[in-house]
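Notes follow the structure.
Read the figures in this text as sums done on the coordinates, not as results from a lab. Not measured: the values here are computed from a predicted model. When we count neighbours, we look across all protein chains shown, and the Cβ atoms used for this are built from the backbone with ideal geometry, even at glycine.
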Amino acid sequence: MPRTPRIEFEGACYHIMARGNRREPIVFSDDDCKLFVKTLGEAATRCGWEVFAWVLMKNHYHLVVRTPEANLVEGMQWLQNAYTRRLNARHKLWGHLFGGRYKSIVIENRDQGGKLWRNYFRTAIDYVHLNPAREGLVDGKATLLEEFPWSSLAQAYALAPSKRPKWMAVAEGLATGGEKDTVAGRRRFLRWYNECIQEENGEAHVVDGVSLASRLKRGWYWGSEKFKESLLTKMETEGLRKSRDYRSSPAIRDHHEKRAEAVIEEAQRHFGKTREELREVIASDWTRAAVAWAIWKETIVSQSWIAEAMNLKSAANASQQIRRFAALPDNELGREWKRWKQSRNVA
């Protein structure tokens, strides 16, 4: 059976799911769960994703994300590779963590001239949030959905804006249920989920006679027929990206190199130095490493590119300098390095 192509365009929204290899665990402890959430936040920040829902189970996870840029493949490649490396290093494991390809279907999440787009979008968010109920981990009465710690309900929708990750698009998620991002609105949003579990056991995810579960197994989009036609038109007339892997494509490479150059320009203004001065080797000066760290954090350019741009000799040395700067506590940094680091720690 041929693989479904990855469909990518600016503003696309996806329901994503991935399982462990042979359905084995992808987390072994709460610390592993924290590591996954941290890595997800880094991926969202790097790629500019808007995350509407996520849930992490023992052997799989679900996401609902919007990609303002057409970068699903690069972001997912970074997320799964980074998490696999980190988990393997922590537990002294090796090899693949995830089994096969991650599943992604495009979700109708903007007005296509019809009336059902909000239903499709909200149903995808609900499907993710209700996953712990489908697994029998909560019942909506003795145990509430927001008490399950590893989902965006507990870590975003139940929290005030100042306490949730900046990469979570909670306000728009609440709006799909007619709620505002207020204490009362968030409470009603959470209460609806727990009532849904009791009334329907969390299994009703049907729009216009079609179930989301069936589309996740066999489909490639979740939306109306009009939405499907709009996707087909894009694929035929607008050169919609649908390749399996375009990480090395000139467009993606050029985009991230342009962003990396912008980081260097921002560093010149912040530190009051020319580009050549940023590249200078000065004892006990963390400026080069600080700029390299910011490029690594906010783009997917190679370590070799960073090494050449910042005069760090080799990719291995660039990686080492980045790690050292990332590990420095604030009290060991000068004022300008501290301000630079704090202003970019948004994940």
Relative to the longest principal axis of the chain, what angle (0 to 90°, nearest 10) does the C-alpha long axis of helix 72-91 take?
80
Helix 315-327 versus the longest principal axis of the chain: what angle, 0 to 90°, nearest 10, using Cα atoms?
70
Could you line up 282, 107 from fewest to most neighbouring Cβ atoms inside 10 Å?
282, 107
By count of other Cβ within 10 Å, fewest leading, how are 305, 94 ordered?
94, 305
Would you mind checking 163/273; 34/166; 38/258 for any pair whose Cα atoms are more than 24 angstrom apart?
163/273; 38/258
Within straight cross-link reach of residue 180, meaning Cα distance under 15 Å, which aspartates and glutamates are found once same-chain residues fewer than 8 apart are removed?
172
Which whole-number percent gives the relative contact order of the range 131-213, counting Cα pairs below 8 Å spaced six or more residues apart?
31
Relative contact order (percent, whole number), the range 13-125, Cα cutoff 8 Å, 6+ residue spacing:
37
Compute the relative contact order of the range 12-237 as a whole-number percentage, counting only Cα pairs closer than 8 Å that sit 6 or more residues apart in sequence.
23
When DSSP beta bridges are limited to those with both residues in the chain, what percentage is antiparallel, rounded to the nearest 5?
90
Once you wrap a convex hull around the alpha carbon atoms of the range 15-80, what is its projected area averaged over all directions, in nm²?
4.2
Projected-area average for the range 250-344 over all orientations - Cα convex hull basis, square nanometres:
5.6
What is the spread of the Cα atoms of the range 168-220 along each of their three principal axes, largest first, in whole Å?
38, 26, 19
What are the aspartates and glutamates whose alpha-carbon lies under 16 Å from the alpha-carbon of residue 217, with same-chain residues fewer than 8 places away excluded?
203
Pairwise over distinct Cα atoms, reciprocal of the mean inverse distance: report the Kirkwood radius of the range 12-237 in Å, one decimal place.
18.1
